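Note sheet for the following structure.
The values are calculated or read from the model by the stated rules, or taken from the named source; none is laboratory data. Since we're looking at a predicted model, the values are computed, not measured. For neighbour counting, all protein chains shown are included, and Cβ atoms are generated from backbone atoms with ideal geometry for every residue, glycine included.
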Amino acid sequence: MSPIHSFSPNLFWDVELSKLNLDLNRRYIIQRVLEYGTLPDWMLIKEYYGVPTIAEEMQKTRTLDKTALSFISTIAEIPKENFRCYTSKPSNPQHWNF
């Protein structure tokens with residue numbers, strides 16, 4: 001069984017799991033786990049990629065949930081200011097339409 005099938009089923013509800021590649025889609029997978037994953041999901045990416053790779057990929061992403069940013073910043077011991085999502089905020093933040 002592919003390691004991608006070990007993740008919580010809710011993480012990748014919008015994509016076909018057979019098309020996800022742990023190496024080619026790592027930034028997408030890591031971000032999903034950090035924002036919506038459980039502790040077992042975190043342990044899977046930590047074991048597969050390692051904290052330095054996870055932190056490196058998340059430093060490049062444009063958007064990351066504040067909680068996920070705080071978590072990876074603390075775990076990797078990297079200041080939040082070093083993350084692209086912290087320094088480049090959306091110019092026109094969208095509001096929820098209820």
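The table below gives the values:
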item: Enumeration of residues in segment 52-84 that are β-branched (Val, Ile, Thr) and more than 12 Å from the chain's Cα centre (by Cα); result: THR74, ILE75, ILE78
item: Search result, residues across segment 1-23 that are among the aliphatic types (A, V, I, L, M), out of contact with any Pro (no Cβ under 7 Å at 6 or more places or on another chain) and either surrounded by 11 or more Cβ atoms within 10 Å (Cβ to Cβ) or at pLDDT 95 or above (or both); result: ILE4, LEU11, VAL15, LEU17, LEU20
item: Test: residue in segment 76-83 that is in a helix (DSSP H, G or I), touching a helix residue (DSSP H, G or I) at 6+ places or on another chain (Cβ under 6 Å) and under 21 Å from PRO3 (Cβ atoms); result: no
item: Residues (among the polar types (S, T, N, Q) and either part of a helix (DSSP H, G or I) or at pLDDT 95 or above (or both)) located in segment 39-72; result: THR53, GLN59, THR67, SER70
